[in-house]
1. Describe numerically, in nm with one decimal, the distance between label points set 7 Å from Cα along Cα→Cβ at HIS78 and at ARG169.
2. As a test of reading the structure, rank GLU274, GLU211 by solvent-accessible area (1.4 Å probe, protein chains only), most first.
3. Relative contact order for segment 111-195: what percent, with Cα pairs under 8 Å and sequence separation of 6 or more?
4. How far apart, in nm, are two points set 7 Å out from the Cα along the Cα-to-Cβ line at ALA266 and at ASP144?
5. Going through segment 206-290, which chymotrypsin sites (Phe, Trp or Tyr not before Pro) have at most 16 other Cβ atoms within 10 Å and a DSSP loop state?
6. Solvent-accessible area per residue for segment 151-251 at a 1.4 Å probe radius, Å²?
7. Are there GluC sites (Glu not before Pro) in segment 102-186 that DSSP marks as loop and that have at most 13 other Cβ atoms within 10 Å, and which are they?
8. Excluding ligands and nucleic acids, what accessible area in Å² is computed for THR64 using a 1.4 Å probe, to the nearest 10?
Amino acid sequence: MPSSVSSKVGSFPPTFRSRNIKTNGATLHVRVGGKGPAVVMLHGFGDTGDMWAPVAAILVEDQTVVVPDLRGMGLSSHPQNGYDKKTQAHDVAQVMDKLKIEKAALVTHDIGNMVGYALAAQFPARVTRWVIIDAPLPGIGPWDEIIRSPALWHFNFRGPDVERLVKGRERIYLDRFYDEISADPKVIDEETRAHYALLYARPHAMHDAFEQFAAFAQDARDNQEFAAKGKLTMPVLAVGAEKSFGAAQAEELRFVATNVTSAIVAGSGHWVMEENPIATTQLVVTFLSK
């Protein structure tokens, strides 16, 4: 593990290649690199797959690294529906099929956590281990309490008028999240903010980001059905940011998984790959090497 990790946003090693892979109703933009055991990395809102570039650069040395943009986000296509996480899990499974990957480890953050759980719950034999980072699962544990938090007003912020308000002001909207749920807003630099603002200003991108949140009610019902069938048994590393979910991340995962280890990214808010990429990368690399 190197003593430093490059945090330049989206700068994957030149050995990575990008592919557009058709799934059931969407086409996902996917970065693929390396050889060896596979790891699939799923991003969340305010990011794209570009967030994983620093850790992907380390993992690619001895693993096959697969980094998609979720449907409707980044450089993936913008279907009218399918933003429930159960459907998006099938997107990921079909990407694995097209790449001839039978099994993979998972590394997920934010909305990626929700897609990751739907994938692991529906296809448990295909997920070898899972690093889940700093976000809850709809319908699981204290979800009803979590969604009442004033800090999560954006879960219900959507609709045609909202989109008109945000259009052309994507940077202002995203800055709210970078500033308010980070430990130190200055750590999220101008290059990173401008990079994601440009991606979220693409046609339909913000609409589809809102659709990710609109699907939470369905996701909650689906997750409760998944959980009723039994807990996941693969090893899970539940990573909370010190200034965000912290140890509660592992407490949440114990509702749905039997083999959960807790870890904390020190000095970080929610944006762990932007705020503390070195510590986050160390946790991911160490856990996947076991």
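The values are calculated or read from the model by the stated rules, or taken from the named source; none is laboratory data. Everything quoted here is computed from the prediction, not taken from an experiment. Positions of Cβ are backbone-derived with ideal geometry, glycine not excepted, and every protein chain shown enters the neighbour counts. Calculation scope for accessible area: heavy atoms of the full protein, side chains included, ligands and nucleic acids excluded. Shrake-Rupley method; radii C 1.70, N 1.55, O 1.52, S 1.80 Å.
1. 1.9 nm
2. Descending accessible area places them as GLU211, GLU274.
3. Relative contact order here is 19 percent.
4. Placing both labels 7 Å beyond Cα along the Cβ direction yields 3.9 nm.
5. Answer in residue order: PHE255.
6. It amounts to 52 Å² per residue over segment 151-251.
7. Working: sites: GLU102, GLU145, GLU163, GLU170, GLU180; in loops: GLU102.
Counting only loop positions with at most 13 other Cβ atoms within 10 Å, the GluC sites (Glu not before Pro) in segment 102-186 are GLU102.
8. The value for THR64 is about 20 Å².
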